[in-house]
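A short worksheet on the structure shown next.
The values are calculated or read from the model by the stated rules, or taken from the named source; none is laboratory data. Source: prediction; values computed, not measured. Cβ placement follows ideal geometry from the backbone for every residue including glycine, while neighbour counts extend to all protein chains displayed.
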Amino acid sequence: MAANYQHLRTFHAIALEGSVTRAARRLNVAQPTLSQQLKALEERHGVTLFESRRAPLRLTEAGRELFALTERLFAAAADVDDMLGEAVGVRGGVLRIGGDSPPQVARLVAAFRAQHPGARVQVRMGNARETMRWLGAAEIDAAIASDPPADGQFTYDPLYTDSLSVALPIGHPLAALDATPIERLAAETLLLREPTSKTRAFTEQALGAAGIEVRETLELHCRETIREAVALGLGVSLFCSSECPPDPRIAYRPLASPIRQHPLRGYLVCQQDRRRSTLIRSLRAIAKALSEALEE
């Protein structure tokens, strides 16, 4: 009895996500529809593919065997798309990209548009956690994220390496120094991003490693609000060095610490099961070229 291709696609997405809800978002299909298709696949062939219907879903032995086959099936399908000219879709399609670093997203988009001038681009900005959530839900095609958590469903291509810089009001005494000693931040009001921000996490790690406790903190969330607050003298803040646009009211200085800081690494992150598509291969090649250009 021939298997229904749509039912196999449904099973594969659910197995990848470990959840019918997330699979429905990935495929942009109503959750009840996927549940019905999975049930139809199991009943048609007299097999049980998942141990239960509670997330995280666990494959049965038959489910694991089928998943190994569908991985090969959909990898081959991606190769067929390439052979039949999926590149046309890149030129006339839409790239949905999310990121947590506006300068790095702009670099990638500019390079992508240079190679594919006919393609349209949709950009969605958020912090690293939000960006990875959008990618996992297939709401975007690719993400630029700083130090994202490792996950086997994604590919990770190094894109840039960054460090922390201190943003100071232009007339601040510390602005007269070439670099800001981390211990001098103890006497300052520190302006912080939201708790899920990677920049905030690295800021707190650097302070904690050096044993520094600042006098006062003020949470202002977005970069633009924090920059304006620094310019108005409400406090000082730390930014990734690539996110320090010129402003005559603000002085940016490297952060100097006796404790060696780990660099902030940014990656282009894509869905593993789309790695063979023309769009994703093009993006990954661009990311490699941009990364190599920064190293020269």
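Okay, here's what the table says:
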item: Strands (runs of 3 or more DSSP E) within segment 129-179 that include 3 or more residues closer than 26 Å to C270 by Cβ and in contact (Cβ under 8 Å) with a residue 12 or more places away in the chain; result: 142-146, 154-162
item: Any pair with Cβ under 9 angstrom, 6 or more apart, that starts in segment 192-218 at a residue that is assigned by TED's automatic domain parsing to the domain that holds L168 and assigned to a strand (DSSP E or B) and ends at one that is small (G, A, S) and surrounded by 17 or more Cβ atoms within 10 Å (Cβ to Cβ); result: L192/S237; E216/G235; T217/G235; L218/A229; L218/G235
item: Hits in segment 201-216 (condition: surrounded by 15 or more Cβ atoms within 10 Å (Cβ to Cβ) and either within 28 Å of the chain's Cα centre (by Cα) or closer than 19 Å to A176 by Cα (or both)); result: A201, F202, T203, E204, A206, L207, A209
item: Test result for R193, buried (at least 21 other Cβ atoms within 10 Å of the Cβ) and charged (D, E, K, R); result: yes
item: Residue list for segment 131-159, restricted to those being surrounded by fewer than 18 Cβ atoms within 10 Å (Cβ to Cβ), closer than 26 Å to V20 by Cα and of a type in the set (D, E); result: E139, D151
item: Index of the failed condition, E86 passing every other in (1) crowded, with 16+ Cβ neighbours inside 10 Å; (2) among the acidic types (D, E); (3) modelled with pLDDT of 85 or more; result: (3)
item: From A55, A3, A23, residue being within 21 Å of Q271 (Cβ to Cβ), part of a loop (DSSP other than H, G, I, E, B) and of a type in the set (A, V, I, L, M); result: A55
item: In segment 228-274, residue surrounded by the fewest Cβ atoms within 10 Å (Cβ to Cβ) [restricted to those that are hydroxyl-bearing (S, T, Y) and out of contact with any Gly (no Cβ under 9 Å at 6 or more places or on another chain)]; result: S241
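The rows are residues; the columns are (1) touching a Gly at 6+ places or on another chain (Cβ under 8 Å); (2) at pLDDT 80 or above; (3) crowded, with 17+ Cβ neighbours inside 10 Å.
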position: R22; (1), (2), (3): yes, yes, yes
position: N28; (1), (2), (3): no, no, no
position: Q36; (1), (2), (3): no, yes, no
position: D82; (1), (2), (3): no, no, no
